[in-house]
Structure formats: C-alpha cells, structure tokens
Amino acid sequence: MGGATVQAVRGIDLTIRRGEFAAITGPSGCGKSTLLHLLGAVDIPTTGRVLVNGRDTASLSDREATEFRLRQIGFVFQRFYLMPTLSASENVELPLAEAGMDKRARKARARELLGYVGLGDRLDHRPTQLSGGEQQRVAIARALSNEPALLLADEPTGELDADTGVRLLELFGQLHRDGRTLVFVTHDAVVAQAAQRVIRLHDGRVASDTAVHARSGA
Ligand SMILES: Nc1ncnc2c1ncn2[C@@H]1O[C@H](COP(=O)(O)OP(=O)(O)OP(=O)(O)O)[C@@H](O)[C@H]1O
C-alpha cells in the first residue's frame, strides 16, 4: 500500500487434516481473512507454499485456479452474497451449472442440499423473503454444491443474532460429524469454541493452536 509492504501473515506452518473442524481467531488485523484466502486459493503467498489436496495453489494457472475454487473449495461469507433475483434453489444451482451439470440433476441436488440445511420448504423463496440465518443456510448449501474438499467461512455468524449464530454453528457441527473438513474465521473467542480445534493468530503468526475439549453433555 503506497509502496509500503504489509506482511499480513508470516512463518505459519499448519496442517489441516481431512475431516477436521478448525476455527481461526484473533484480534482485528491479525491476518485471519488473509490466511483463509490463502487456503482457498483466492490469494497466493509471496513466499511459502499452500497445499490443498496435495496441490500447490501457486502452481495453478488462472484457469486452473478458477476450476480449483469451483470444485475443491466452498466459501461462505459474512454477508451471504446470494443473488437477489434468484430463488434459494437457483442460488444453489449456480455453481452446479458452472460445473456443467444438467438442469434436472442440479434441481435435484439443490433440493437435497437445501433439505439438509433445514430449508426443504423454502426452495422457491428469494433472499429478501428469508431471514438472515436462512440466507446463510442457503449460502452453505451453495458452498457444498460441488462436494468441495474444504469448506471455508469468513465470520459466518457476523451478521446473525446470538441465537441464530448458535444454530448455524450447530449446523457446522453436523457437517463436521458428517465428515466435512471445515475452517471458519471469527474474531469472537467464544464462537471459536464451537470448533474442534482453535488456531489463534497474533500479528500474522500462530500464537496458539489448541484442541477444544468436548463440552459436558455433548
Ligand atoms: N489488500 C491488502 N493490501 C494491504 N494490506 C492488507 C490487504 N489486506 C489486508 N491487509 C493488511 O494485512 C493485515 C491482515 O489483514 P486481514 O484482513 O487478514 O486481518 P483479519 O484478522 O481478518 O482482520 P479483521 O478481523 O479486521 O477482518 C492487516 O494489517 C491488513 O491491514
């Protein structure tokens, strides 16, 4: 920026295993979103390597990177980013259409995924006809559409009230139990405890990396 170099993350050595449910947390500006973007091949590191499913993200051409993000990564954003003119089902179908699936199969897959996230009765609703929590569930169904190796979420509960946020984290827990690999970013240390592993960043580095013990009664 203005000729100055900002080192957003540095010296990070991390392995996320298949089936893991990890939260990245830490104060504003510590590099959480940057790390998530590196994992999702949205950004490429200036030095160091990011391997996803054995593939070095820096080795991808632009076309390969687009294909990689479409097929290997599901991304969920704080502000949902659904297409406002499309129904819930059509939003989930979009990445499937991009991946070349025919219309009949995409409709069936969208119905199945929206059922999974608890919105089987909201297929034809547009985003404005859905609550924030419901919109985030549509965004999760969309992110899962192409069976990604890795689901990434940046402050997924940031726009939701506390109760809705808790229910969304329960859905993440369900995804984890069903074998998905999930990494989400949150600045909220309490929200981070919903994960199985909490990676805390400070000033672009890993300050701690701890397993969360199962809560009593869980
Ligand atoms: N495109 C960019 N150009 C220059 N500096 C950037 C850029 N993106 C991020 N940074 C800087 O890199 C550092 C890490 O930013 P990042 O967005 O990863 O932090 P964060 O932990 O996600 O913060 P927040 O919780 O506030 O979203 C910050 O100092 C930020 O100012």
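Tabulated values for the structure
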read-out	value
Flag if Phe80 is in a loop (DSSP other than H, G, I, E, B), closer than 25 Å to Pro127 by Cβ, within 19 Å of the chain's Cα centre (by Cα) and aromatic (Phe, Trp, Tyr)	yes
Boolean, Arg71 is surrounded by fewer than 18 Cβ atoms within 10 Å (Cβ to Cβ), modelled with pLDDT under 95 and either not aliphatic (A, V, I, L, M) or not in a loop (DSSP other than H, G, I, E, B) (or both)	yes
Any hit, region 149-172, residues being farther than 18 Å from Ile24 by Cβ, small (Gly, Ala, Ser) and surrounded by 13 or more Cβ atoms within 10 Å (Cβ to Cβ)	no
Test: residue in region 196-215 that is of a type outside the set (Ser, Thr, Tyr), surrounded by 18 or more Cβ atoms within 10 Å (Cβ to Cβ) and part of a helix (DSSP H, G or I)	no
Residues that are surrounded by 12 or more Cβ atoms within 10 Å (Cβ to Cβ) and under 15 Å from the mean Cα position of the chain (by Cα), drawn from region 7-21	Ile16, Gly19, Glu20, Phe21
Extreme residue, nearest to the ligand (Cβ to nearest atom), among residues of region 164-195 that are in contact with a strand residue (DSSP E or B) (Cβ under 8 Å, 6 or more places away or on another chain) and of a type in the set (Val, Ile, Thr)	Val185
Residue that is under 24 Å from Asp163 (Cα atoms), free of Cβ contacts under 8 Å to residues at least 12 places away in the same chain and part of a loop (DSSP other than H, G, I, E, B), where the choices are Asp43, Asp121	Asp121
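The values are calculated or read from the model by the stated rules, or taken from the named source; none is laboratory data. None of these values were measured; they are calculated from a predicted model. So basically every Cβ, Gly included, is an ideal-geometry build from the backbone, and we count neighbours across all protein chains shown.
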